[in-house]
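These notes are about the structure you will find just below.
The values are calculated or read from the model by the stated rules, or taken from the named source; none is laboratory data. All of these numbers come straight from a predicted model, not from anything done at the bench. Here Cβ is always computed from backbone atoms with ideal geometry, including for glycine, and neighbour counts include all displayed protein chains.
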Amino acid sequence: MKLYAASPSPFVRKVLVLAIECGLSGRLEHVSIKTTPIAPDIELIRSNPVAKMPTLVTDSGATLYDSRVICEYLDSLHDSVKMFPAEQASRWVALRRQALGDGVLDAAVSIRYEVILRPDGKRWPEWVAGQMGKVRRGLDALESEVASFKDEINIGTITAGCVAGYLDFRFPEEDWRATRPHLRDWYAPFSARDSMVKTDPVADVEV
Ligand SMILES: N[C@@H](CCC(=O)N[C@@H](CS)C(=O)NCC(=O)O)C(=O)O
């Protein structure tokens, strides 16, 4: 399977972490790309008209996007513990946590684009502040429910881990741990998992 990806993308990281946790990472062939809203990767566009990573081309040639769809697809390929719980109550909680984490990441990535891509003089501080509000409220929500994560590994906790990792990587000045001690204490051992260590982002593109 071909995965169009770049290391800094937290959405790519969700896929890679899940693949490692499920023993599938050896089946992924990485195609490194650079794509931004103003300079979309030409090869990526052929597979994904909205030109976003991660995009997966399966062994049978089908194309899948986005990270949610790819993660669920990969989870269907193995028979060990599922990252998308089958039991209804756990499933909806895990899916909502994925949506919460993805929402934080969408806001954080859009700030990043505003700061690195938009020319000086065209930036809109109120818009950045609005996006940062989403990031902070999302982190506060994770703080308030992290006690129930325990040592679970599923699509909800993987996404939460990728949120914390992206904040550390691209927004270190935010110091999210200062007011979120429970999330901090959960993330310390989570970030030491093999799947997280092996996917630690490298700044090879600006996203
Ligand atoms: N909802 C998507 C978001 C993916 C996304 O925003 N990826 C960014 C990189 S972190 C991207 O490819 N941006 C290029 C663009 O917006 O044109 C997912 O879960 O995969």
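For region 11-62, the candidate set comprises residues that are part of a helix (DSSP H, G or I) and basic (Lys, Arg); within that set, the residue that is nearest to Glu206 (Cα to Cα) is Arg13.
For every residue, the table says whether it meets (1) charged (D, E, K, R); (2) at pLDDT 95 or above; (3) in the same structural domain as Phe169 (by TED's automatic domain parsing).
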{"residue": "Leu44", "(1), (2), (3)": "no, yes, no"}
{"residue": "Met53", "(1), (2), (3)": "no, yes, no"}
{"residue": "Cys71", "(1), (2), (3)": "no, yes, no"}
{"residue": "Arg97", "(1), (2), (3)": "yes, yes, yes"}
{"residue": "Leu100", "(1), (2), (3)": "no, yes, yes"}
{"residue": "Ala108", "(1), (2), (3)": "no, yes, yes"}
{"residue": "Leu117", "(1), (2), (3)": "no, no, yes"}
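What residue, of Ala39, Ala51, is in contact with an Asp or Glu (Cβ under 8 Å, 6 or more places away or on another chain) and within 9 Å of the ligand (Cβ to nearest atom)?
Numbers: Ala39 fails: in contact with an Asp or Glu (Cβ under 8 Å, 6 or more places away or on another chain).
Sole residue among the options that is in contact with an Asp or Glu (Cβ under 8 Å, 6 or more places away or on another chain) and within 9 Å of the ligand (Cβ to nearest atom): Ala51.
Considering Val81, Val135, Val93, the condition of being away from the ligand (no atom under 16 Å from the Cβ), in a helix (DSSP H, G or I) and more than 12 Å from the chain's Cα centre (by Cα) is satisfied by Val93 alone.
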